[in-house]
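The values are calculated or read from the model by the stated rules, or taken from the named source; none is laboratory data. Keep in mind that what you see is a predicted model, and the values were worked out from it rather than measured. Heavy atoms of the whole protein, side chains included, go into the accessibility calculation; ligands, DNA and RNA do not. Shrake-Rupley method; radii C 1.70, N 1.55, O 1.52, S 1.80 Å.
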Amino acid sequence: MKLRSAALASALIVALGTAAAQAPVINKAITETEVLAAQRAWGDALVAISTAHERQGAVAARRLAGEVIDGAYGYQFGPVLFKPTLTEAPQTFRTTRAGALAYFVGGDPSFPKDTGFALKGWRKVDVNNAAIFIAGDVATSMGNVSITDKDGKVTTVDKTWKFLKDDSGKLRIVVHHSSLPYRAN
C-alpha cells in the first residue's frame, strides 16, 4: 500500500510538473544581455548606415536609416525623447521619426542644419556603461560611447538610453540623450 501511494504521489508530481511546464508564461522583464545587445545593434547600425552611404549613396543610407529607426526606436508608441549630440535650438530635440531621420542622414528642408551624423565615415562603436538600471520591462543605461571614424579619430559622447520591451519582446529606445563631455575652461 505504501509503495502504491508513493507511486501515485510520484505520478501526480510528474503530471503537475508537466502541466506547469506547458503553461504559458509571460515575462516582459529586460535582461542585461538584452540591453547590451540593443546597444551593440545601435552601434552596428550606425556603422552600416555610414558605409552604405559611402558604397551605395545617399538613397541607400536614407533607406537603411529609416529601417534602423523603425526597428530600434519606439516612435510607434508616441514621441521618443531623443536629444542628439550635435543639435541646437530650436531643433535640439527630435521627438518625431522625421526629426530622427533628418539628424542621422540630413537632406530634410525642415531640419536645414542637419548634415547627417550617421554619414561621417564611422567604422566602430564601443559602449562603456557606467551603470544599467533595469526595472521590469524598462531599462536605463548611462555611460560613454566612443565612435571611431575611417581615419581612426575617436569621438566620445556621454549617452543615456532608456529601453522599453514591446509586446513582441523587442527592446525599443524611448529615451536617447547624447552630448559631448563637459570640458572646463
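Here are some notes:
- Amide H partners (placed H, <5 Å) of Y73, local residues excluded: I173
- Phi angles of the stretch 98-104 translate, via the Karplus equation with coefficients 6.51, -1.76, 1.60 and θ = phi - 60°, into HN-Hα couplings of 4, x, 5, 4, 4, 4, 6 Hz per residue; Gly and Pro are given as x.
- Each principal axis of the Cα cloud of the stretch 73-185 was evaluated for its coordinate range; sorted largest first, these ranges are 39, 33, 29 Å.
- Crossing angle, helix 2-22 versus the chain [Cα axis fit, 0-90 degrees, rounded to tens]: 20 degrees
- Between the stretch 73-129 and the stretch 140-185, the Cα center-to-center distance that results, in Å: 12 Å
- In angstrom, the C-alpha Rg and Dmax of the stretch 114-161 are 13.2, 41.
- Under Karplus coefficients 6.51, -1.76 and 1.60, residue-wise ³J(HN,Hα) of the stretch 133-150 in Hz, glycine/proline x: 10, 10, 9, x, 8, 10, 9, 10, 10, 9, x, 10, 10, 9, 10, 9, 8, 5
- Percent carbon-and-sulfur accessible area, the chain, ignoring ligands, DNA and RNA, probe 1.4 Å: 60 percent
- Semi-axis lengths, Å, the stretch 68-115, gyration tensor of Cα atoms, sqrt of 5 times eigenvalues: 17, 12, 9
- Couplings 3J(HN,Hα) for the stretch 37-44, derived from phi with the Karplus relation 6.51 cos²θ - 1.76 cosθ + 1.60 (θ = phi - 60°), are 5, 5, 5, 4, 5, 4, x, 4 Hz, where x marks Gly and Pro.
- A 1.4 Å probe run over the protein chains yields, for the chain, 59 Å² of accessible area per residue, whole-number rounding.
- Heavy-atom SASA rank of L171, L81 (probe 1.4 Å, accessible area, largest first): L81, L171
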